[in-house]
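Notes follow once the structure below has been shown.
The values are calculated or read from the model by the stated rules, or taken from the named source; none is laboratory data. Because the structure is predicted, anything quoted here is derived from the model rather than measured. Glycine also receives a Cβ, built like all others from the backbone with ideal geometry; neighbour counts cover every protein chain displayed. We work out accessible area using only protein heavy atoms, side chains counted, and drop any ligands, DNA or RNA first. Shrake-Rupley method; radii C 1.70, N 1.55, O 1.52, S 1.80 Å.
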Amino acid sequence: MPLRYISKLDLEKLALEHIIPRLHDRGFCYVDTFLGEVVGDCVLEQVKRMHSCGALKDGQLAGQCRGIAKRHLRGDKIAWITGTEEGCEAIGFLLSLIDQLVLLCGNRLGKYYVKERSKAMVACYPGNGTGYVRHVDNPNGDGRCITCIYYLNKNWDSKVHGGMLRIFPEGKSYVADVEPLFDRLLFFWSDRRNPHEVQPSYATRYAMTVWYFDAEERAEAKQKFRNLNATKKKEAPLSED
């Protein structure tokens with residue numbers, strides 16, 4: 001719905017009647033024309049400015065993949081932002097609306113209790129045929145429970161431009177293809193229920209992603225990380241003078 005019509009009641013209705021039922025039923029859902037063209041254009045211009053000034057850097061891979069070129073696995077350029085930076089006011093406004101939506105879902109997200117989220121990851125696939133191979137956002141319990149992606153691509157035709165997000169819902173006999181259309185907001189569970197890939201893109205493709213954390217799992221993950229670091233320090237070899 002266009003931004004000028006959005007109120008807390010509209011957001012609550014969207015959360016309760018659209019997002020929550022579809023997440024539980026299918027594991028993903030999306031909302032089109034979320035901000036409206038005017039505000040969506042402001043977000044797009046701010047992302048383009050970041051890209052043109054060189055703020056986006058090559059996305060990193062977890063683990064090692066010997067013998068495989070990194071660009072064949074993940075070809076995006078990214079930047080992490082809070083939305084409070086100078087020149088990111090529209091992005092910050094978008095993030096505040098998404099936060100409100102997730103908060104309005106409240107205790108209806110099954111076992112999850114959301115109190116915080118990641119910074120926003122602004123991403124660009126430069127249109128040279130790169131994508132992101134099939135993967136799971138949170139395969140090992142790092143706390144991420146909801147992945148939220150906002151797309152910024154005008155006049156996008158996946159038959160020509162590629163860049164489809166393909167989800168492989170766990171235990172289902174089908175795949176779900178989501179076109180990265182301008183002003184589309186996508187939600188899906190971050191864990192092993194939703195392996196997904198970004199198919200090769202042949203035009204510049206922009207998106208912004210945030211991850212929402214389950215409080216209990218996130219606290220456990222942080223404690224495991226602290227314990228691991230403490231163990232490494234204890235096992236560090238003594239240096240010789």
Return the pairs, sorted by first residue and then second, in which the second residue is surrounded by fewer than 14 Cβ atoms within 10 Å (Cβ to Cβ) and of a type in the set (D, E, K, R), the first residue lies in region 125-136 and is more than 19 Å from M50 (Cβ to Cβ), the beta carbons are less than 6 Å apart, and the residues are 6+ apart or on different chains. V136/R192
Kindly list the number of the only condition in (1) among the aromatic types (F, W, Y); (2) buried (at least 16 other Cβ atoms within 10 Å of the Cβ); (3) in a helix (DSSP H, G or I) that fails for F225. (2)
The listed residue being more than 23 Å from G27 (Cβ to Cβ) and among the aliphatic types (A, V, I, L, M), out of V210, V178, V160: V160
Can you give me the number of residues within region 196-213 that are farther than 9 Å from N153 by Cα and under 13 Å from the mean Cα position of the chain (by Cα)? 9
Candidate set from region 86-109 (those that are touching a residue at least 60 places away in the same chain (Cβ under 8 Å) and open to solvent by 50 Å² or more (accessible area, probe 1.4 Å)); member that is nearest to L44 (Cα to Cα): Q100
